[in-house]
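Everything below concerns the one structure shown next.
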Protein chains: 2
Amino acid sequence: MSFAPILEADVELWSDTADVLIVGFGGAGACAAIEAADNGASVAIFEAASESGGSTKLSSAELYLGGGTKVQKAVGYEDPVEDVYGYLMASNGPQADPDKTRAYAVGGAEHLDWLMSLGVPFKMSEYPGRAMMALTDDCLMYTGSEKAWPYVDKFAPAPRGHNLKVEGDNGGPLFVQILTDAVRQRDIDVHLEARALRLIVDGFGPKQRIVGLVVRENMEERYYRADKGVILCAGGFVMNEDMMQRYAPELARSGTVPIGNPNDTGGGIQMGLSVGARAINMHEGFLSVPFYPPATLTHGIFVNGQGQRFINEDAYHGRIGCLMVKQTYPVYLVLNVEDYADYETASWLAAPIKGTGDTLNELASELDLPAGALQQTVSGYNDAVAAGVDSAFYKASAWLKPLSGPFVALDCTPGAGAFLPHFTLGGLDTTVDGAVLNNEGIVIEGLFAAGRTACGVPRRGDGYASGSSVGDATFSGRRAGKQVLAAS
Amino acid sequence: MSFAPILEADVELWSDTADVLIVGFGGAGACAAIEAADNGASVAIFEAASESGGSTKLSSAELYLGGGTKVQKAVGYEDPVEDVYGYLMASNGPQADPDKTRAYAVGGAEHLDWLMSLGVPFKMSEYPGRAMMALTDDCLMYTGSEKAWPYVDKFAPAPRGHNLKVEGDNGGPLFVQILTDAVRQRDIDVHLEARALRLIVDGFGPKQRIVGLVVRENMEERYYRADKGVILCAGGFVMNEDMMQRYAPELARSGTVPIGNPNDTGGGIQMGLSVGARAINMHEGFLSVPFYPPATLTHGIFVNGQGQRFINEDAYHGRIGCLMVKQTYPVYLVLNVEDYADYETASWLAAPIKGTGDTLNELASELDLPAGALQQTVSGYNDAVAAGVDSAFYKASAWLKPLSGPFVALDCTPGAGAFLPHFTLGGLDTTVDGAVLNNEGIVIEGLFAAGRTACGVPRRGDGYASGSSVGDATFSGRRAGKQVLAAS
């Protein structure tokens, strides 16, 4: 399959024309379509699958938003924009995009209002536990490393993960249903089982403008004209083995599992590249060791192949995952049996038990670690617990508890059986409003991107927070939906 | 400055025509030119600087070659191709390119012969010390982590760094002089102070062919036609702050220093991208903590902000550097004063002394480490030394020596004063013969790349060995110089 563009002059028959053509009916595409329509554009949206939703539907649809959202204020958090901005800039490290991050921090509260105006339900409540998503219908929770070192002392923490008012982990389907209804209620032309193949350009070369889309539907190739622009919202490339091997081989390491929908094959990114777009941050991604719930496992310690700790265990599971895969293997999570709790039923991790023991020596004899190393590490850790300060990694005092045995060690090493999911965070470089840039930083006329097809706010796996991708996808989709009209 | 291509039809006056046009007269460009000319092509080479050499001239011109080169055999190493291939594949990790790596392993001996046939002098000798390059006129030395864990038990080690027969660190100028003479002796049209600006194409779009080059020389823009192809050998992009920020922000971290020549501004990569080439591995690079010589510093231990060791200190300095910058800062090198030796005059590192002490407690009191951490680490290390096995990191026994004091700690933290150089290892994706590929993996007709403009054999900073870049640049330059004729 080639993604090379074709010339407008070679189109014999146009099937239809709209102001805005959108590739992909997931969270980003839906929001782009709604905003474009609400701003007066005629819109057509093309989805390769037989229903809307994309990877947003498969997710819990948490939204990472701050700056004093309606829910945050209702439960008592002001969450100043500067703390949101500061945390996101720091956690995205050298890759952070200041313009996109500021817009996202400033616009978070309004974005939640907008979603609520579409009917997305949020309970004015907080879920207090340490989990990946609320398992009740409560809304707000900490979904990143805001309360953990090295961020907690620099930026006032606040819970920013917004879960839908729905029991358990079912946010995605409801969220997508509401967005889909909103699209259907508008004069938006929806094409399902319609795979975008190529862009149509008014000419080849540096000054080309994107004027349409070739789509395969009903077993034929059809040509759609875009009077104002095309928005690529076709997800990332985690399901494309060739692209993963070429662009993100470390992320695709053996023993970890790609997550997303089957159409996350990078088609949007490829169409962009084929007209000269630049892709950035292509090696980066989310990579998690989803070890909580149960929260009690956070009382344990992760150790690497040297028997050393390497992280404050109260950090976000994705931060730990990204550091974990850079260690010498094996990697174990060592804890008291009493903290094992309901691990087998509550956890996504599924890491097998590597060893147990009433004493540390007994446990160590079942692990592949240098002699004495675990004992030394646990001794140092217990000293820190007794002193009340984890002076090595600054795990918060609430999580400090002696490792006194009996013990159990879970094998988190990639390939040993644990579920270690990953997805991509690289994509097309865009302006803060979603206009796609070429390799010289010049806007490609008529082309926009949002969601994981673009490189958005979340840029580092070790700085990721749950809700960042759906938050960024819907936020960036809206901005592109508006900008396509402003730019033309 | 725009790198966008122009149309052949828009060229009013061609200044000249050659079969092959080469951008950049460094190691890669020189070898491409020589091979193309020796295979019967007319060749013109364009260099932005006022003399030849590029970053090769600034280097020690070590060449990392194996598989039983003339020098290896003379001093008693067979170095089977499979060990070269295995080591390079392992050390380049998931990014390794099997085709390029095999060609390089298989062709190493012939490549040295070819360079010797041009007059490059190598002494049939080995330099036994642990250094970055031979400081005598001896030839062979270990310049990677071949004798270090985790490679030493998997692939039979052999010295593969080939230093020129010249006293001290002066390989680059001599090497370039010999290549330059070889170019001058052939019917190759050399243009100095001639900056390539844009490619010329026979048409825009997916089927375009590269047919020439726009060059700024003598204060005007001139147009050169390439009957068979253009080879981009313009170096990497380490001197382009904007590209570094966009593509390799982690590599460009504060406190480290770009090394290369001032024209390593990514012009070759940009010209490629402007005609639809794909760039890969753009985030990666070499990043070194050049702490030896003196070799005695290898008796010390590196510790991170937790006071933990994180590496076998007998690994290659670039491997240590890449792992070092992923640690929690500060990072110190702790050693006995007696091993400090001639550090101040012999070392490139220039890391300042952070603390000293007759006792470990005294030293620790001057360092920013968690209480007791350094003492625990040194105690564990000394136990390992006494046992004769570094069971945590497997530093070779020859380097195991008790840390008994008096002590000194060097501050290697980026920004604290140490010299920590970096350069890029990402570039245009090419076939094993240097043909440039577009985003779909299809060859762009008439376009080739070699050296750091392409993504070659060396792909990871933590697997780099000295001599890999000049080795790969000259090797890939030759292949491109031949392929441009075969492909047309």
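Quick note: the coordinates plus some simple rules give every number you see, no bench work behind them. Keep in mind it's a predicted model, so treat the numbers as computed, not measured. Neighbour counts run over all protein chains shown; Cβ positions are idealised from the backbone, glycine included.
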Debye equation applied to the C-alpha atoms of chain B, log10 I(q)/I(0) at 0.06, 0.08, 0.13 Å⁻¹: -0.28, -0.49, -1.13
Quick calc, B:Glu82 & B:Glu221: beta-carbon distance into FRET formula, R0 45 Å, rounding 0.05, result 0.35
Taking a point 7 Å out from Cα toward Cβ as the label site, list the nm distances between B:Ser397 and the same residue in every other copy, smallest first. 4.9
In debye to the nearest 20, how big a dipole does region B:61-169 give about its Cα centre with +1 on each Lys and Arg Cβ and -1 on each Asp and Glu Cβ? 40
Would you mind listing the distances between the B:Ala486 label point and the same position in each other copy? Use 7 Å along Cα-to-C-beta, nm, one decimal, shortest first. 5.3
Shape verdict for the protein assembly as shown, please, from the Cα gyration tensor: rounded (a/c under 1.5), prolate (a/b greater than b/c) or oblate. oblate
Pulled fully out, how much extra length does the chain show between A:Thr345 and A:Asp242, if you take 0.36 nm times their separation in residues and subtract their Cα-Cα distance? 33.5 nm
If the limit is 22 Å between Cα atoms, which of B:Lys165/B:Lys482; A:Lys154/B:Lys326; A:Lys354/A:Lys395; B:Lys100/B:Lys395 go over it? B:Lys165/B:Lys482; A:Lys354/A:Lys395; B:Lys100/B:Lys395
Taking the Cβ of each residue in B:Arg130, A:Arg452, B:Arg478 as the centre, tally the other Cβ atoms inside 10 Å and list the residues starting with the fewest. B:Arg130, B:Arg478, A:Arg452
Degrees between helix B:98-118 axis and first principal axis of chain B (Cα, 0 to 90, nearest 10): 80
Rounded to the nearest 0.05, what FRET efficiency do B:Ser379 and B:Asp16 have when you use their Cβ-Cβ distance and R0 = 60 Å? 0.25
Over chain B, what is the relative contact order in whole percent, taking alpha-carbon pairs under 8 Å and six or more residues apart? 23
Assertion target for A:Glu193, A:Glu313, ordered by fewest C-beta neighbours within 10 angstrom first, is A:Glu193, A:Glu313
Got a sec? How would A:Met1, B:Met141 order by Cβ neighbour count within 10 Å, fewest to most? A:Met1, B:Met141
Once the mean 1/r over all distinct Cα pairs of region B:295-411 is inverted, what Kirkwood radius in angstroms do you read off? 14.1
Charged-residue dipole, Cβ positions (Lys, Arg, Asp, Glu), the protein assembly as shown about Cα centre, Debye nearest 20: 180
Using a 7 Å offset from the Cα along the Cα-to-Cβ direction at both B:Val106 and A:Asp358, what is the distance between the two label points in nm, to one decimal? 6.2
Cα-only radius of gyration and Dmax that characterise region B:22-101, units Å: 16.5, 43
Hey, what angle do you get for helix A:27-38 against the long axis of chain A, alpha-carbon based, 0 to 90 degrees rounded to 10? 40
Starting from the exponent 0.38 and prefactor 2.2 Å, build the expected Rg for region B:150-225 from its residue count and divide its actual Cα Rg by it. 1.84
222 nm [θ] for chain A, helices only, -39500 (n - 2.57) per DSSP H run of 4+, per residue, to 500? -8500 deg cm²/dmol
Report, to the nearest 10°, how far helix B:468-487 tilts away from the longest principal axis of the Cα atoms in chain B, using its own Cα long axis and a range of 0 to 90°. 20
Cα-based shape type of region A:229-339, given that a ≥ b ≥ c are square roots of the gyration tensor eigenvalues and the cut on a/c is 1.5: prolate
Of B:Leu323, B:Tyr343, B:Asn382, whose Cα points farthest to the positive end of the dipole of region B:295-411 (charges on the beta-carbon: +1 Lys, Arg; -1 Asp, Glu; origin at the Cα centre)? B:Leu323
A:Thr136-A:Ala371 pseudo-label distance in nm [points 7 Å out on the Cα-to-Cβ vector]: 5.2
For A:Val257 and A:Asn170, what does the FRET efficiency come to when R0 = 30 Å and r is the distance between their Cβ atoms, rounded to the nearest 0.05? 0.90
Residue-averaged beta-carbon neighbours from other chains (10 angstrom radius) around B:273-284: 5
Would you mind counting up the charge near B:Ser469? Only other residues with Cβ under 10 Å from its Cβ, with Lys and Arg at +1 and Asp and Glu at -1. -1
Gain upon complete extension [A:Asp153, A:Leu485; 0.36 nm per residue less C-alpha separation]: 115.3 nm
May I ask you to compute the full-extension gain from B:Ile442 to B:Lys70, defined as 0.36 nm times their residue separation minus their alpha-carbon distance, rounded to one decimal in nm? 130.2 nm
If you count, for every residue in B:95-103, the Cβ atoms of partner chains within 10 Å of its Cβ, what is the mean? 1
Modelling each spin label as a point 7 Å along the Cα-to-Cβ direction, I'd like the A:Asp181/B:Lys326 distance in nm, to one decimal. 4.7
